[in-house]
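Written below as structure tokens is the structure these notes are about.
The values are calculated or read from the model by the stated rules, or taken from the named source; none is laboratory data. Given the structure is predicted, the values throughout are model-derived calculations rather than measurements. Note: ideal-geometry Cβ built from the backbone for every residue, glycine included; neighbour counts use all protein chains shown.
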Amino acid sequence: MPDEVNRHVPEDPERRDVLKFAAVGALGAVYAGLVGYPVYRYLASPVEKAASETAVNEMVVEGGAALPKNSALMFKFGAKPAMLIHHEDGTYTALSAVCTHLGCTASYEPDEKRIFCACHGGVYDPHSGANVSGPPPKPLTAFKVQVTDGKVVVQRS
């Protein structure tokens with residue numbers, strides 16, 4: 001009978017190995033998710049941005065018809081900022097407000113009658129969006145503007 005009491009039943013080694021493998025696998029999956037998700041967001045964001053930019057082709061700019069001459073109104077066109085400029089001659093221009101140099105937001109300066117990007121001193125023509133001076137490599141994107149029935153409608157060209 002003493003032999004029966006001292007007899008120790010060993011744990012099943014297969015069960016222990018399976019539990020260790022499951023724990024290591026779960027930790028590995030969590031780690032892969034923590035590392036992989038930021039990489040996925042970085043790689044997927046250009047596709048999402050491109051889709052959101054092309055999703056909006058036309059919009060009515062609220063308050064655009066009441067905009068005083070020689071002033072500008074910033075608005076979102078799709079996912080990016082844009083500006084509506086009401087010139088002294090009564091015409092309107094709509095341009096992207098994203099500087100073509102490094103993507104900063106440019107603004108209209110009515111006293112200087114120019115669009116200026118404060119990040120690196122880029123200057124654009126307020127009528128055409130052409131780059132006048134500074135580091136911007138290309139003009140701002142111009143949009144088509146229609147004023148009808150007291151509404152200002154901006155469309156992609």
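Miscellaneous remarks
- Hits in the range 43-56 - residues which are surrounded by fewer than 10 Cβ atoms within 10 Å (Cβ to Cβ), modelled with pLDDT of 65 or more and under 12 Å from the mean Cα position of the chain (by Cα): Pro46
- Tally, over the range 128-138, of residues that are under 23 Å from the mean Cα position of the chain (by Cα), farther than 20 Å from Asn70 by Cβ and not in a strand (DSSP E or B): 4
- Single unsatisfied condition, Tyr92 versus (1) of a type outside the set (Lys, Arg); (2) in contact (Cβ under 8 Å) with a residue 60 or more places away in the chain; (3) over 12 Å from Ser71 (Cα atoms): (3)
- Among the candidates Val145, Val132, Val98, the residue that is at pLDDT 90 or above and in contact with an Asp or Glu (Cβ under 9 Å, 6 or more places away or on another chain) is uniquely Val132.
- Counting the residues of the range 66-80 that are more than 27 Å from the chain's Cα centre (by Cα) and closer than 15 Å to Ser107 by Cα gives 1.
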